[in-house]
Amino acid sequence: MTARAADAPQAASFLAAFQASEAPMVMTDPHRADNPIVFANPAFCRLTGYAPDEVVGRNCRFLQGPDTDPAAVARVREAVALGEPLQIDILNYRKDGHPFWNSMTLTPVRDEDGTLRSYFAVLTDVTRARQAERALAREKDGLAQDIEARNRALQSALDQQTALLHEVDHRVKNNLQVISSLVLLKARRARDAACRDVLRSMADRIGALATVHRLLYSLSDVARFDLRDFADDFAAELEAGIDPDRIALTVDVAAVAVPASMAAPLALLVHELSVNAVRHAFPGERHGRVAITARVHDERLILEVRDDGVGLNPQSDNPEGFGRDLVGMLVRQLRGSLAFEDLNPGTRAHVVLPLGPGLAGAGP
């Protein structure tokens, strides 16, 4: 028995398996003109709608149609030309003209000497999977568009709310300035010196609150308040009312962004401690220095007002004043701690205020 005769049963077994397979398969012969199909199993005919005699002898390009991707066709041609295997998804067409997505595996078949003998292709209809992918992609696009529309609506609502809050701050600032002017007018007409001092102190406090709302009005982020901006404005106003040759004022406040809800009590606290130091630490013609510092450490705001004046006075010169009580009330409102230290000479007010994570940032 010759070798070719011995191979005949194997070929017959292969052909039987080829015909019985539920996977659509074709075999082509690259040694014939145009690499035609030489075998096509029934599963291939069921998938494509073509009869065997309509398939055998033709190149597989008859499965291509108007929407078949030329780049995919070029990849198939390149693989055939190079004798290389290929796996590719390509849009093919049935005999009735209906398209289907074909996940094709193309395998070159070689003999023992490595000579290319044929090409073997297995077709898989993945139309439903591709349709599901496209539906999912459309759903994702629709969801993305819906999210974008919602984001635009939320941004518009936020812009409107920001504009409203800015308008509120602007009006509050104007009203506070009017009230401050009225209090100052009353102070000028008051005959009693103590009464004048009290009214002027109240006007100053109201002015500090007006500065807070002016700064909030000018900020794009209505939820944050920059303590350094306030300290710079406040220091300029404070210096305008003191003799720079007698009292030197220094301010070293980090760019601390605190919640807007802390703005008013914090501003009043800085105002009260600083004004008390300037007004009461240097009686008569005494010279000295006042330093205002603020920094962030371990999510806490550390505020200090230091002077080198006469030191702590257990008895207030003004029994009607309530500066020390106001400071204590503000610190409690801000859930912080307060300590006064006699520096001999001078006094240091040390305030520690808690800040939530992400609510403070130190600038340069």
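The values are calculated or read from the model by the stated rules, or taken from the named source; none is laboratory data. This one's a predicted model, so the numbers in the text were calculated from it and none came from an experiment. A quick note on method: Cβ atoms are made from the backbone with ideal geometry, for glycine too, and the neighbour counts reach across all protein chains shown. Heavy atoms of the whole protein, side chains included, go into the accessibility calculation; ligands, DNA and RNA do not. Shrake-Rupley method; radii C 1.70, N 1.55, O 1.52, S 1.80 Å.
Scaled against the 2.2 N^0.38 Å expected of a compact globular protein of N residues, the Cα radius of gyration of region 225-296 reads 1.14.
Taking a ≥ b ≥ c as the square roots of the Cα gyration tensor eigenvalues, with a/c under 1.5 meaning rounded and otherwise prolate when a/b beats b/c, else oblate, which class fits region 37-158? The shape class here is prolate.
Which whole-number value in Å² is the accessible area per residue of region 1-123, probe 1.4 Å?
58
Carbon-plus-sulfur fraction of the accessible area of region 224-354, 1.4 Å probe, in percent? The C+S portion of the solvent-accessible surface of region 224-354 is 47 percent. Along the axis of the charge dipole computed for region 9-132 (Cβ charges of +1 for Lys and Arg, -1 for Asp and Glu, origin at the Cα centre), the listed residues Gln64, Thr115, Ala40 are led at the positive end by Gln64. Over all other residues within a Cβ to Cβ distance under 9 Å of Val258, the charged ones net out to 0, with Lys and Arg as +1 and Asp and Glu as -1. Here the gap between Arg150 and Thr115, fully extended at 0.36 nm per residue and compared with their Cα-Cα distance, gives a gain of 6.3 nm. For region 245-261, putting each phi into the Karplus relation 6.51 cos²θ - 1.76 cosθ + 1.60 with θ = phi - 60° gives couplings of 6, 9, 10, 9, 10, 10, 10, 9, 10, 5, 6, 9, 8, 10, x, 4, 5 Hz, in residue order, rounded to whole numbers and with x for Gly and Pro. If I model region 224-354 as equal point scatterers sitting on the Cα atoms and use the Debye formula, what is log10 I(q)/I(0) at q = 0.10, 0.14, 0.16, 0.20 Å⁻¹? Log-scaled intensity ratios, in q order: -0.30, -0.60, -0.79, -1.23.
For Ala248, the residues 5 or more places off, or on other chains, whose built amide H falls under 5 Å of its own are Gly288, Arg289, Val290. The residues Tyr93, Tyr119, sorted by heavy-atom accessible surface at 1.4 Å with ligands and nucleic acids left out, run Tyr93, Tyr119 from largest to smallest.
Residues whose amide H comes within less than 5 Å of that of Leu301, counting only those at least five positions distant or on another chain, are Leu353, Leu355 (H built at 1.01 Å from N in the peptide plane). Computed 3J(HN,Hα) for region 195-206, one whole-Hz value per residue from the Karplus formula 6.51 cos²θ - 1.76 cosθ + 1.60 where θ = phi - 60°, is 5, 4, 5, 5, 5, 5, 4, 5, 4, 4, 5, 5, glycine and proline marked x. Note on region 251-278 and region 118-161: Cα centroid distance 51 Å, given to the nearest whole angstrom. Placing unit charges on the Cβ atoms only, positive for Lys and Arg and negative for Asp and Glu, gives region 20-99 a dipole magnitude near 120 debye about its Cα centre. For region 121-133, putting each phi into the Karplus relation 6.51 cos²θ - 1.76 cosθ + 1.60 with θ = phi - 60° gives couplings of 10, 10, 9, 10, 7, 10, 4, 4, 5, 5, 5, 5, 5 Hz, in residue order, rounded to whole numbers and with x for Gly and Pro. What shape does region 7-74 take by its C-alpha gyration tensor, where a ≥ b ≥ c are the square roots of the eigenvalues and a/c under 1.5 counts as rounded, a/b above b/c as prolate, and the rest as oblate? In terms of gyration-tensor shape, prolate.
In this structure, the amide hydrogen of Phe39, modeled 1.01 Å from its nitrogen in the peptide plane, lies closer than 5 angstrom to those of Met27, counting only residues at least 5 positions away or on a different chain.
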